[in-house]
Amino acid sequence: MFRSVITDHPKLADTLVDPERPGDFNQALMELGATVCTPKTPQCSQCPVHTHCHAYSKVRSQQDRDSLRLLGKVDSTASSSVPDIEDCTSAGGCNLCLTEAWDPELGVQNFPRKPVKKAPRVERTLVCVLRRDGEPRYLLTQRPSKGLLAGMWELPSMLLEEGVSEKKHRDLLSAEVKRIVGSPPESFQYVGEVVHIFSHIHQTYVVYSASVCECLETQREQKICWLDQSALQEAAVSTGVKKIMKLYYESTRSLKDTQ
């Protein structure tokens, strides 16, 4: 349906818009939408083009039928001979209209219709805040040049598959850290969880911290860097990484206060 809209609407616009002065039509539509045909309080009786409006015509037809029905002049069980706007697929072969039922209480505000958004997929990701022994620097890896958050820097992480127990979290992260820096990390500490919502992903980061004695020079598929706290704040990192580091700093301060 949306492909048909993209294809057919420009054709319709070509029949309506003066090619010599297209701005006049565009400006008129914007003024109409801002002052008369507003989304929440449309002023249909004042609209200069309401006689051409199919939504308004449907509302008036419905009002007329309801009035006649109250006067007993129309059989309340009889079906209307006026086709609904959303039923024009069968009436005229139109594939531009949406198929949801017309809500009489909304009237002309049935339009414009919005497509139903897919529920964001739920993901859980293991994250390691890896600190280098002897210096307050943290490991970041660069994401691929394409895809979500392309080219940005992130903490060592891996997507959690369903059914993975908490006991395996440390083993999985240890293997991932060793793959990146060439040496296994020292003892892990559970930090907490951070929720970050993208437009299409409900992401929960399960955060651990660890340290590593050395970083071996190995061939790597991805770039890495070690940044201190101030440099990390200026780096090209996502909001999710900033949330994770904030949780980490708060947890380390709390740990020091209890010692």
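The values are calculated or read from the model by the stated rules, or taken from the named source; none is laboratory data. Owing to the predicted nature of the structure, the values given are computational and were not obtained by experimental measurement. Positions of Cβ are backbone-derived with ideal geometry, glycine not excepted, and every protein chain shown enters the neighbour counts.
Of all positions in region 136-151, at least one carries a residue that is assigned by TED's automatic domain parsing to the domain that holds ASP228, at pLDDT below 90, within 30 Å of ILE224 (Cα to Cα) and among the charged types (D, E, K, R).
For region 125-141, the tally of residues that are of a type in the set (Val, Ile, Thr) and surrounded by fewer than 22 Cβ atoms within 10 Å (Cβ to Cβ) stands at 2. The single condition from (1) surrounded by fewer than 14 Cβ atoms within 10 Å (Cβ to Cβ); (2) polar (S, T, N, Q); (3) assigned to a helix (DSSP H, G or I) that SER199 fails is (3). Only one of these conditions is not met by ARG69: (1) under 35 Å from the mean Cα position of the chain (by Cα); (2) modelled with pLDDT under 85; (3) surrounded by 11 or more Cβ atoms within 10 Å (Cβ to Cβ). Which number is it? Condition (1) is where ARG69 drops out.
Out of all the residues in region 185-194, is one or more part of a helix (DSSP H, G or I), farther than 22 Å from LYS223 by Cα and assigned by TED's automatic domain parsing to the domain that holds LYS246? No: zero hits.
Summed over region 21-60, residues that are under 15 Å from ASN110 (Cα atoms) and surrounded by 11 or more Cβ atoms within 10 Å (Cβ to Cβ) total 13. When restricted to residues that are surrounded by fewer than 17 Cβ atoms within 10 Å (Cβ to Cβ) and modelled with pLDDT of 80 or more, region 110-124 contains 7.
Consider region 202-242 and keep the residues that are of a type in the set (A, V, I, L, M, F, W, C) and more than 17 Å from THR141 (Cβ to Cβ). The one that is surrounded by the most Cβ atoms within 10 Å (Cβ to Cβ) is VAL206. From the list LYS223, LYS178, the one residue that fits, being out of contact with any Pro (no Cβ under 6 Å at 6 or more places or on another chain), of a type in the set (D, E, K, R) and either assigned by TED's automatic domain parsing to the domain that holds THR252 or closer than 13 Å to ARG131 by Cβ (or both), is LYS223. In this structure, SER187 qualifies as more than 27 Å from LEU149 (Cα to Cα) and polar (S, T, N, Q). Selection of region 153-182 for residues being out of contact with any Cys (no Cβ under 6 Å at 6 or more places or on another chain) and either of a type in the set (Phe, Trp, Tyr) or part of a loop (DSSP other than H, G, I, E, B) (or both) yields TRP153, LEU155, LEU160, GLU161, GLU162, GLY163, VAL164, SER165, GLY182.
LYS168 meets the conditions (1) in contact with a Lys or Arg (Cβ under 6 Å, 6 or more places away or on another chain); (2) without any contact (Cβ under 8 Å) to a residue 40 or more places away in the chain; (3) of a type outside the set (Phe, Trp, Tyr) in every case but one. The failed one is (1). Looking at region 103-115, I want the residues that are within 9 Å of VAL59 (Cα to Cα) and have a partner that is part of a loop (DSSP other than H, G, I, E, B) and at pLDDT 75 or above with Cβ atoms under 7 Å, at least 6 apart or on another chain. Which pairs are those? Correct list of pairs: VAL108/PRO42.
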